[in-house]
1. In this structure, is ALA322 modelled with pLDDT of 95 or more and crowded, with 24+ Cβ neighbours inside 10 Å?
2. Go through the range 130-169 and give me each residue that's without any contact (Cβ under 8 Å) to a residue 12 or more places away in the chain, over 23 Å from GLN288 (Cβ atoms) and in a loop (DSSP other than H, G, I, E, B).
3. Considering only the range 247-263, state which residues are more than 20 Å from LYS168 (Cα to Cα) and either over 18 Å from the mean Cα position of the chain (by Cα) or not assigned by TED's automatic domain parsing to the domain that holds PHE162 (or both).
4. Scan the range 103-117 and report the pairs whose first residue is farther than 18 Å from ASP204 by Cα and whose second residue is acidic (Asp, Glu) and modelled with pLDDT of 95 or more, with Cβ atoms within less than 7 Å and a gap of 6+ or a chain change.
5. If you check PHE162, PHE156, which single one turns out to be of a type in the set (A, V, I, L, M, F, W, C) and surrounded by 24 or more Cβ atoms within 10 Å (Cβ to Cβ)?
6. When residues of the range 227-239 are filtered for being closer than 17 Å to GLY382 by Cα and surrounded by fewer than 17 Cβ atoms within 10 Å (Cβ to Cβ), how many remain?
7. List the helices (runs of 4 or more DSSP H) inside the range 189-277, counting only whole elements, that have at least 2 residues being under 24 Å from MET371 (Cα atoms).
8. Looking at ASN331, ASN262, ASN301, which is the one that is at pLDDT below 95 and either of a type in the set (Ser, Thr, Tyr) or surrounded by 15 or more Cβ atoms within 10 Å (Cβ to Cβ) (or both)?
Amino acid sequence: MVGSLKRFLTGIMALTLGVGLTACAGSKGSGTAEKVRLMVWSPSEDQSKDSGEWLQTMCKNFANEHPEWDITFVYGVADEATAADQVSQDPEASADVFMYANDKISNLIDAKAIAKFGGKYKEAIESTNSKELLDSLTVNNELYGVPFTTNTWYMFYDKSVFSDDDIKNLDTMLKKGIVSFPLANSWYLPAFYLGNGCTLFGNDNDESKGVDFGGEKAVDATNYVIDLAANSNFKIDADGSALAGLRDGSVNAMFTGSWDANAIKEALGENMGAASLPTFSIKGEEKQMLAYAGSKAIGVNSHSEHMEQAVALAVYLGGMEAQKAHYELRNVIPCNTELLKDPEIASDALVLAQNNTFNNTSILQPFVSAMSNCWSPVENMGKAIRNKSVTHANAKEQTEAMNAAMNSNGLN
């Protein structure tokens, strides 16, 4: 009773904060169906008319497939980051089913706010997803979500400027056209350090291994980025400048993810190309840029009063039918291995670029708690290189300072 009251009060609070809630009844049985109320959260884009009301449509389809349950859905608006934070802070007043980015998984587990998937549901999820994707949602051999897309960044470029061979190497591209990169963004800059052998927690979520962004390999990466920033054909992307440059022709390539694909398509039209990350050269050796990669998943609140139905709905929302609709309506790149065999989807350059990056030119973004110490030092390094306060003369000193800060919690 207390949980229900808290949910009701949370709904009222959400309305006053501008979070839209609407309710719709699911399929009605013959009078013997079990009455179920499920609160479901997703980003607003999944519920808009422009997206064909993806969430509402999928939930109605799910209800129609389960006449044994008389389901009332209550919809709330929360993106993947916001939902995870809210569920962690107050699971009893949060949604039964929600979407979250996998880098929030530790917070949800620590708060005892997310359910494990087991039995037939776990088997179904494991049979239709890659090991790398499952690893992004697995802690201590327990699976905590249904993946519905990979989450990473890669390269978009103007095919009238760069050939298929050009895009294989960043240094080659810089001889042919203008390349923009978000140098001061700590989600992107590590690509050069990781590509030259630096590691984060052993690159396998082992917090005891710490961060290794020091030594000659890291200094060499810093020196490479200093030269990159000084190249006249290189522009630092900030506040949408790269996308604006694609529109007016002053930029020919940029690094971002599928969320910008529609805008880039409008800018470049048939000349839009998408590809996994290029290599770059340090001291005459070719290195592979490595992006952070993760996943977005459907999670189930461990405090749900209707666990059976919530788990079944989560599996459905992350399943093949729902992923296909997500792709067709919102260009959300599918990850279901069976769906990726569809010839039309398999031939989509955007799908290929995202999945090739996830599988071949990325590392799983660490989700250990110490990762929170890594963002600011890397951002500061990028800003300092941009501002020319980090130079070849002090690159070693500044790189070691960054590494020390990444291994510190700010208290020592």
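1. Against the criterion (modelled with pLDDT of 95 or more and crowded, with 24+ Cβ neighbours inside 10 Å), ALA322 qualifies.
2. Of everything in the range 130-169, those that are without any contact (Cβ under 8 Å) to a residue 12 or more places away in the chain, over 23 Å from GLN288 (Cβ atoms) and in a loop (DSSP other than H, G, I, E, B) turn out to be ASN140, ASN141.
3. If the condition is that a residue be more than 20 Å from LYS168 (Cα to Cα) and either over 18 Å from the mean Cα position of the chain (by Cα) or not assigned by TED's automatic domain parsing to the domain that holds PHE162 (or both), then ARG247, ASP248, GLY249, SER250, ALA263 are the ones that fit.
4. That search, which allows pairs on different chains as well, returns LYS116/GLU142.
5. After applying the criteria, what remains is PHE156.
6. 5
7. Once the helices (runs of 4 or more DSSP H) in the range 189-277 are filtered for at least 2 residues that are under 24 Å from MET371 (Cα atoms), what remains is 190-195, 215-230.
8. Answer to the selection: ASN331.
The values are calculated or read from the model by the stated rules, or taken from the named source; none is laboratory data. Keep in mind the model is a prediction, meaning the values are calculated, not measured. Neighbour counts run over all protein chains shown; Cβ positions are idealised from the backbone, glycine included.
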